[in-house]
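Undergrad: Got a structure for you, written out below as structure tokens; questions coming shortly.
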Amino acid sequence: MQITFSKYKLIALFVALGLLQGCAAVVVGAGLGAASVAHDRRTVGTQLDDKTLAGKVIARLAKNKALEEGANINVLVFNGVLLLTGQAPTESLRAEAHKIAAAVPHIKKTHNLIRIGHPIAPSTAAHDVWLASKVRAQLLTDKRIDGLHISITVEDSEVFLMGLVKSNEANVAVDIVRNINGVTQVVKAFEYL
């Protein structure tokens, strides 16, 4: 009986340690997020405005039944500039997505890079997530640039780069990303200082 009780204590200890590791990940993630916000070249107000604008664009696109059912559209807003990526089965749906998104007040410019085609498979989307983390790691570890100034979106192995950067930073970032295995194309949507 004593041995069984000890096994339960041991199991409880491992569960508690596992939960603590999760807490550590949350604390580290929150710290990285806070550092990213503080390190951003945009003001905190602009960062919040960008999040709000992205939410408004997503909400408006979701109201369109044809887009909701037949397209896969991703939205990124950086400094009031909108980037649309993903897939739409027809040019008319692509144009409709652009029209809806560009009509949101305070969007300064829209880059409509939605590709004509059917939505990508879940396995392709999973590969894109992995590729995005690979790109992010390369940009953060390269000493020639500050990768925290660059936002990344990956869609069907195409890498879209946004941010408020200097011209030489943009060139270095594109060169880094272009040479990452698995990247098929690099698209710049930067604003320059």
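The values are calculated or read from the model by the stated rules, or taken from the named source; none is laboratory data. Just so you know, these numbers come straight off a predicted model, no measurement behind them. FYI the Cβ positions are ideal-geometry reconstructions off the backbone, even for glycines, and counts take in every protein chain you see.
Undergrad: State all residues of region 126-145 that are farther than 24 Å from residue 87 by Cβ and crowded, with 17+ Cβ neighbours inside 10 Å; if no residue qualifies, say none. Lay out the reasoning, then the answer.
TA: Step one: of region 126-145, the residues farther than 24 Å from residue 87 by Cβ are 137-145.
Residues satisfying the conditions are 139, 145.
Undergrad: In addition: Identify, from the list 52, 110, the residue that is modelled with pLDDT of 95 or more and under 21 Å from residue 192 (Cα atoms). Explain how you work it out, then say what you get.
TA: Working: 52 fails: under 21 Å from residue 192 (Cα atoms).
Only one candidate qualifies: 110.
Undergrad: Another question, if that's okay. With the requirement that a residue be surrounded by fewer than 19 Cβ atoms within 10 Å (Cβ to Cβ) and either in contact (Cβ under 8 Å) with a residue 40 or more places away in the chain or small (Gly, Ala, Ser) (or both), what does region 80-103 give you?
TA: 80, 92, 95, 100, 102, 103
Undergrad: Any chance you could count how many residues in region 60-70 are surrounded by 11 or more Cβ atoms within 10 Å (Cβ to Cβ) and farther than 15 Å from residue 102 by Cβ? Can you show your working first?
TA: Step one: list which residues in region 60-70 are surrounded by 11 or more Cβ atoms within 10 Å (Cβ to Cβ), which gives 60-62, 64, 66-68, 70.
Subsequent filtering for residues that are farther than 15 Å from residue 102 by Cβ retains 62, 66, 68, 70.
Selection size over region 60-70: 4.
Undergrad: Taking strands (runs of 3 or more DSSP E) that do not extend beyond region 112-192, which have at least 3 residues that are touching a Gly at 6+ places or on another chain (Cβ under 9 Å)?
TA: It comes to 150-155, 185-192.
Undergrad: Out of 135, 104, 159, which single residue is within 24 Å of residue 61 (Cβ to Cβ), β-branched (Val, Ile, Thr) and assigned by TED's automatic domain parsing to the domain that holds residue 177?
TA: On the way: 135 fails: within 24 Å of residue 61 (Cβ to Cβ); 104 fails: assigned by TED's automatic domain parsing to the domain that holds residue 177.
After applying the criteria, what remains is 159.
Undergrad: Continuing with the same structure: Which one of the conditions (1) at pLDDT below 95; (2) under 18 Å from residue 76 (Cβ atoms) does residue 146 fail to meet, given that it meets all the rest?
TA: Among (1) at pLDDT below 95; (2) under 18 Å from residue 76 (Cβ atoms), residue 146 violates only (2).
Undergrad: Take the residues in region 104-122 that are out of contact with any strand residue (DSSP E or B) (no Cβ under 7 Å at 6 or more places or on another chain) and not aliphatic (A, V, I, L, M); name whichever of them is surrounded by the fewest Cβ atoms within 10 Å (Cβ to Cβ). So that I can check it myself, show each step before the final result.
TA: Step one: of region 104-122, the residues out of contact with any strand residue (DSSP E or B) (no Cβ under 7 Å at 6 or more places or on another chain) are 104-106, 121-122.
Narrowing the set further to residues that are not aliphatic (A, V, I, L, M) leaves 105-106, 122.
Details: 105: 6, 106: 11, 122: 8.
Out of the qualifying residues, it is 105.
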